[in-house]
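Before any comments, here is the structure.
The values are calculated or read from the model by the stated rules, or taken from the named source; none is laboratory data. This one's a predicted model, so the numbers in the text were calculated from it and none came from an experiment. Neighbour counts run over all protein chains shown; Cβ positions are idealised from the backbone, glycine included. Side chains are part of the model used for accessible areas, which takes the heavy atoms of the whole protein and leaves out ligands, DNA and RNA. Shrake-Rupley method; radii C 1.70, N 1.55, O 1.52, S 1.80 Å.
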Amino acid sequence: MSPTIVAVILVAVIIASAFFKRLPTQFILCIVPVICGLVLGFNITELGDMIINQVNTAMKSAGYMILFAMIYFTMLGETGMFDTLIKGFLNLSHGKLNVYMVMIITSIIAAMGMLTATVATAYLIVFPIMLPIYKKMKFDHASAMIIAQTAIAGMCFVPWGIAVVNSSVFAGVDPLELSRRLVPVAACFIPAIVLQWIYFGYVHKKQGGLMVIDWSAGEGEGEDQKKTGMERPGLFWFNLILFIAVIVMLVKSVMPSYMIFILASALTILVDYPNGGDQKKLIGKAGGRFFNTIQQLIGISFFIGIFQGTGMTEALATAIVSNVPEFLTRYIHIILAMSMVLVIRYIPNKIYNSMYPVLISVGSRFGLAGTDVIAPFVCNMSLATGSSPFTATTHIGTGLLDIDVNKYCNRSMLVQTVTNIVIILTAVIVGVVR
């Protein structure tokens, strides 16, 4: 059977399985590519070599970093450092808050929350704190979630985040290299975010919402958070200085990223949690998150290893180049990126993930590096998944804000489609997306 036909079948099956959810995606990514490889005449030994080589590459480039990054950020979140920063920021407002300050604060807190590299965690940080303010100002909760999601998407360039990790595996580059490539793309979110503030401010005023509310001590700081016994307020400055040092070292690439997180984790656990019981609890919590991530990473490695090793990628790319006008093929990654929010509203985002190898192969024919092709997708994908009912975190956010998920997705899809197009066009105009 033709590698092109098998490649189309493979992608179609993965998309369908993600849509119908009969089997976890990790298993589909492992099983279906092997069957397709056998159909193409490769034996199990050959396929096994393709898989293990890709798994080793993925673990070396991303897996070890993710393990220790999750341990570090799990501990950092438990210390309460982020909560202290956010409450201190809110207290700076003193007397009054207008609707634009509320939107700006929402964006900043959401962006800070995304430093944990988990969308769910970012929601759990921003919404409990801001919800009383939204209610007092009568600010639309769906608008608040869209604003927060856009700021979160703009922060998806962090190298320890799953968006960069997954995309780096597809692109065959180091997460830090891809992260640096994405920073100027993330900067293109700023004009779009400002436009959102203007738009939602206008809508809020038109709907008769309060434009200014009084702000008194302790009011609007959110519901009291349950104490876990793991908070370390007395070590706030130690944790903040260490956190800043970690970010600087990652940016400067002073050593391998996993070594930076190993050292940061060791210092944090020694100073903040010298008790063995606390250490075991925290590492166990981080381990649960890592287990889910590593399953996905291994599944992707099965898919990529076989898809590329059996020649399916090249065959499918050749078919696309042969049947699509060259002027259109050159920009196919940009066209697909612009349509992303609309597509993913109704179809799981695996449709785009499964196309990355093909798009990268097509782009290489026009002198585009893998990072050039991936650039318009990584951060912007969060806009799309955040407007999709197929994404678990969408249900978390809508649940926290007590809004209907389908009504939210319908509204978010329209706003985020425009936002996505503005971001990509800005990136193309300034030359950071090619």
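The figures follow:
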{"quantity": "The stretch 228-298: C-alpha gyration tensor shape, a/c 1.5 cut-off, then a/b vs b/c", "calculated": "oblate"}
{"quantity": "Burial ranking of peptide ranges 196-208, 132-144, 365-377 (average Cβ count within 10 Å, highest at the top)", "calculated": "365-377, 132-144, 196-208"}
{"quantity": "Separation between Cα centres of the stretch 38-91 and the stretch 300-348, rounded to whole Å", "calculated": "24 Å"}
{"quantity": "For the stretch 358-431 versus the stretch 139-167, the gap between their alpha-carbon centres in whole angstrom", "calculated": "9 Å"}
{"quantity": "Among Met75, Met230, Met145: highest mean-square fluctuation, GNM of the chain, C-alpha pairs under 10 Å", "calculated": "Met230"}
{"quantity": "For the stretch 101-150, average projected area of the Cα convex hull in nm²", "calculated": "2.9 nm²"}
{"quantity": "Helix 276-309 axis, angle to the chain major axis (alpha carbon atoms, nearest 10°)", "calculated": "30 degrees"}
{"quantity": "Net +/- balance of residues flanking Gly113 in space, Cβ distance below 14 Å, scoring K and R +1, D and E -1", "calculated": "0"}
{"quantity": "For the stretch 350-433, convex hull volume per residue from C-alpha positions, Å³", "calculated": "96 Å³"}
{"quantity": "1.4 Å probe accessible area per residue over the chain, in Å²", "calculated": "43 Å²"}
{"quantity": "Environment charge of Leu76, counting only residues whose C-beta is closer than 13 Å and scoring Lys/Arg +1, Asp/Glu -1", "calculated": "-2"}
{"quantity": "Debye equation applied to the C-alpha atoms of the chain, log10 I(q)/I(0) at 0.09, 0.10, 0.11, 0.14 Å⁻¹", "calculated": "-0.59, -0.73, -0.88, -1.36"}
{"quantity": "Whole-percent carbon and sulfur share, accessible surface of the chain, 1.4 Å", "calculated": "67 percent"}
{"quantity": "Summed side-chain charge close to Glu177 - residues other than Glu177 whose Cβ falls under 15 Å, Lys, Arg +1, Asp, Glu -1", "calculated": "+2"}
{"quantity": "Segment Lys87-Phe238, length gained on full extension (0.36 nm per residue, minus Cα span)", "calculated": "52.6 nm"}
